[in-house]
Amino acid sequence: MNAPLSPPSAATRADALGAFLEQDYTAGFETRLETDTVPKGLSEDTIRLISARKGEPDWLLDWRLEAYRRWLTMTPPTWAAVSFPPIDFQDIVYYSAPKSKKDGPKSLDEVDPELLRTFEKLGVPLHERARLAGVAVDAVFDSVSVATTFQKELGEHGIVFCSFSEAVKTHPELVRQYLGTVVPPGDNFYAALNSAVFSDGSFVFIPKGVKCPMELSTYFRINARDTGQFERTLIVAEEGASVSYLEGCTAPMRDENQLHAAVVELIALDDAKIKYSTVQNWYPGDKDGKGGIYNFVTKRGDCRGARSRISWTQVETGSAITWKYPSVILRGDDSVGDFHSVALTNNLQQADTGTKMIHMGRNTRSTILSKGISAGRGSNTFRGMVRVTPRAEGARNYTQCDSLLIGDRCAAHTFPTIEVRHPSARVEHEATTSRIGEDQLFYAMQRGISAEDAVSMIVNGFCREVFKELPMEFAVEAQKLLGVSLEGSVG
Amino acid sequence: MLKIDNLHAAVDGKAILNGLNLEVKDGEVHAIMGPNGSGKSTLAQVLAGRDTFQVTGGAVDWDGTDLLALPAEERARAGLFLAFQYPVEIPGVSNAYFLKAAVNAIRRHRGLPEYDAMDFLSRVKAEMKAVGMREEFLYRSVNEGFSGGEKKRNEVLQMALLEPKLAVLDETDSGLDIDALRIVAEGVNRLRSPERSMIVITHYQRLLDYIVPDQVHVLSHGRIVRSGGRELALELEEHGYGWIDAGAKAAPATGATGG
Ligand SMILES: Nc1ncnc2c1ncn2[C@@H]1O[C@H](COP(=O)(O)OP(=O)(O)O)[C@@H](O)[C@H]1O
Ligand SMILES: [Mg+2]
């Protein structure tokens, strides 16, 4: 009777928290397909091979080769708060495509049913009957786009939404006019690599005055082993045009790390609006940090025209390492840039993410809202730069950067950089750090709420301001990803 | 019925409850008084299943169930409610969302249909009126920025919504002005019923002017050292806690060596 009793709730609580944090990665399956894969390694020959496979014009091959030569002179960035063994760039496959898809775009009927099933399993049905209502999808599998839905409907509005390779063939003048004008090939090590070897991605063009009638989205899937994914997305909104674009990503579970080095360029002309949302759920590796995707991505928007607006919203839950700073160059007068981010790191995941807002035009405004959640031994770094150039009279920025810690072995860091070169600029920065406390969990459990639900509730509350920026379907997806129940808040 | 038998509990190896015995029958209201640091909140938290406290001996039987074997949330779902001495703030979670999740967790457990948003709102608004809380408190984060009195009312509101079988109120009266005190007492009295028992922990006898207990117990150094009727509270008020401590030290420490 007097033997010490171990209270059962101690174990229960630890398990419940553990269960919340260790939900299975459901997208971790592999699709078996015959592929057209170039041998491992990178050289000018590899690039010529990729370019030839895609039947590209000479100017694009030259552009790639030029980028490759730049890349050879560069070294990987080391300033980020992430650590990993050096990557052997000769041990990566730079091009892998499902075999059936050799001759460019085909109708959906000709797409390998195994591929359609893969995307269906991931919740992205591509065939006519089950298409996502109101969302046009470009599905990218390893190095190529396998299908783009609603192309005809969009075409009636003069909108171009297709794979990058297709755009090179059908709209070479547009691609040539805008490619590399926001992220030049020599911008940074990974952008240079991407420019040399990029395989596919999405191209969007919204002509003058057109409001895109549906959400556009790209779903990226890494499947093949030892393969890097280097996609390139280019979105152009002409004067007065607007578009909302979504991006989702998953990969199989593997013990080896895989490299994903994408480039995204957005261009908004006068009065144009681009809203770019990402739910990133690349495989994060197992709980001991084995495997997972290295997500080294350069995303930048150019508010080239007056009164234009570019908004980035990202929910980053996957990847072993995330190195990503979606930024906005506020070139046009009265242009607006937004960055809304939720980044969750668990187990041994590392995220070094943030944004740059470069104010060049007059009366430009930007908002940065970053929510970092660290659990397990995860490390979460926010890096924000706000630069106000000497021309940017009346520039304003508001930055809020909140960190939530779950447990006591995780870490959160914030590195804000502010450079103001105009006396009229107003730049405000707020930061908070909080921890989900044992007292909060106990309080909820005393009301009959399980520890998982309590954590979900707190995490969901913490992220609410960012989730409400996401299009409806993605908000739901994001909540699910964070283990939050779908039951909405009343009132 | 709740039967606490020779309960010992410690925190970080430091013994706090040293052989506590208490029986509360269905429908009864018991008051527990005692000086600061005597272990009142520890008793409340141990009953509710907080694992920062280690039970080092004894047993608690609740209607034939081994209470100490249940995890905290199951105790709550089975009808044990604790009104916290220091209600916890949960930033970013609206009070409405939290209350609805709690009510529905308990309704699910009882095999009742869950409330939808409409049912819940009409129910919660009625209860809020009864405890004198404005509707805006539904849409604020749980306890965040609430005054001391508002937090205590929020506890009474939750108690009313969750309809517990056993309610433990830990100094719900502390820091309240007389009007708030009356509202809290009314909340408690409204819930009194033959099936429901309550343990009302208080530092001051004045609460017992409004909530008339069946029994009063005095806790000192982790044990109940005196039990009696209402008059014990008045006696205590008159002589102060020093009177009890003097008596406790003189009395043989029965059961205190068990841990
Ligand atoms: N979490 C804790 N860690 C260390 N000591 C504690 C903790 N909680 C309570 N105690 C100690 O236990 C004793 C009893 O505290 P408590 O139960 O809160 O008393 P009361 O509610 O009667 O004022 C006090 O000496 C207090 O300092
Ligand atoms: Mg106390």
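General remarks:
- Subset of the range A:276-312 (residues that are open to solvent by less than 20 Å² (accessible area, probe 1.4 Å), within 16 Å of A:Ser242 (Cα to Cα) and assigned to a strand (DSSP E or B)): A:Tyr276, A:Ser277, A:Gly301, A:Asp302, A:Cys303, A:Ile310, A:Ser311, A:Trp312
- Residues in the range B:71-82 that are facing chain A (nearest Cβ under 7 Å) and open to solvent by 20 Å² or more (accessible area, probe 1.4 Å): B:Arg77 only.
- Meets criteria (more than 16 Å from ligand 2 (Cβ to nearest atom), farther than 25 Å from A:Ala444 by Cα and open to solvent by less than 40 Å² (accessible area, probe 1.4 Å)) for B:Gly92: no
- Annotation note: of B:Glu163, B:Glu127, B:Glu135, the sole residue that is in contact with a helix residue (DSSP H, G or I) (Cβ under 6 Å, 6 or more places away or on another chain), among the charged types (D, E, K, R) and open to solvent by 10 Å² or more (accessible area, probe 1.4 Å) is B:Glu127.
- Members of the range B:194-213 that are more than 16 Å from ligand 2 (Cβ to nearest atom), in contact with a helix residue (DSSP H, G or I) (Cβ under 9 Å, 6 or more places away or on another chain) and open to solvent by 40 Å² or more (accessible area, probe 1.4 Å): B:Arg206, B:Asp209, B:Tyr210, B:Val212
- Leading residue by the ranking (farthest from ligand 1 (Cβ to nearest atom)) among those in the range B:12-22 that are part of a strand (DSSP E or B) and of a type outside the set (D, E, K, R): B:Asn21
- Count of the range B:23-64 residues which are assigned to a strand (DSSP E or B), within 15 Å of ligand 1 (Cβ to nearest atom) and open to solvent by 10 Å² or more (accessible area, probe 1.4 Å): 3
- Members of the range A:438-476 that are more than 25 Å from B:Leu166 (Cβ to Cβ), more than 8 Å from chain B (Cβ to nearest Cβ) and small (Gly, Ala, Ser): A:Ser456, A:Ala475
- Taken together, the residues in the range B:147-162 that are free of Cβ contacts under 8 Å to residues at least 40 places away in the same chain and either within 11 Å of chain A (Cβ to nearest Cβ) or more than 16 Å from ligand 2 (Cβ to nearest atom) (or both) amount to 5.
- Breaking point among (1) buried (at least 17 other Cβ atoms within 10 Å of the Cβ); (2) away from ligand 2 (no atom under 16 Å from the Cβ); (3) not in a helix (DSSP H, G or I), for B:Ala102: (3)
- Qualifying residue in the range B:115-132 (condition: farther than 29 Å from B:Arg182 by Cα and either away from chain A (no Cβ under 11 Å) or of a type in the set (Ser, Thr, Tyr) (or both)): yes
- Filter pass, B:Glu136 being under 24 Å from A:Phe462 (Cα atoms), more than 8 Å from chain A (Cβ to nearest Cβ) and in a helix (DSSP H, G or I): yes
- Strands (runs of 3 or more DSSP E) lying entirely in the range A:369-450 (those with 2 or more residues that are out of contact with any helix residue (DSSP H, G or I) (no Cβ under 8 Å at 6 or more places or on another chain) and either surrounded by fewer than 18 Cβ atoms within 10 Å (Cβ to Cβ) or not assigned by TED's automatic domain parsing to the domain that holds A:Arg331 (or both)): A:396-406, A:411-420, A:426-436
- Pairs linking a residue in the range B:36-57 that is of a type in the set (Ser, Thr, Tyr) to a residue that is open to solvent by 30 Å² or more (accessible area, probe 1.4 Å) and within 9 Å of ligand 2 (Cβ to nearest atom), with Cβ atoms under 8 Å and 6 or more positions apart or on different chains, are B:Ser41/B:Gln85.
Every residue, every condition in (1) over 16 Å from B:Gln85 (Cα atoms); (2) open to solvent by 20 Å² or more (accessible area, probe 1.4 Å); (3) more than 16 Å from ligand 1 (Cβ to nearest atom); (4) not aliphatic (A, V, I, L, M), yes or no:
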residue	(1), (2), (3), (4)
B:Gly175	no, yes, no, yes
B:Asp179	yes, yes, yes, yes
B:Val184	no, no, yes, no
B:Arg190	yes, yes, yes, yes
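- Condition check for B:Lys129 on (1) in a loop (DSSP other than H, G, I, E, B); (2) under 28 Å from B:Asp209 (Cα atoms): one failure, at (1).
- Selection within the range B:147-166 - farther than 19 Å from B:Val124 by Cα and aliphatic (A, V, I, L, M): B:Leu166
- Breaking point among (1) buried (at least 22 other Cβ atoms within 10 Å of the Cβ); (2) more than 19 Å from A:Asp439 (Cα to Cα); (3) within 14 Å of ligand 1 (Cβ to nearest atom), for B:Ala9: (2)
- Residue match in the range A:326-338 (condition: modelled with pLDDT under 95, touching a His at 6+ places or on another chain (Cβ under 9 Å) and either aliphatic (A, V, I, L, M) or open to solvent by 10 Å² or more (accessible area, probe 1.4 Å) (or both)): no
The values are calculated or read from the model by the stated rules, or taken from the named source; none is laboratory data. None of these values were measured; they are calculated from a predicted model. Using ideal geometry, Cβ is built from the backbone for each residue, glycine included, and neighbour counts are taken over all protein chains shown. Note: accessible area is taken over every heavy atom of the protein model, side chains too, but ligands, DNA and RNA are not part of it. Shrake-Rupley method; radii C 1.70, N 1.55, O 1.52, S 1.80 Å.
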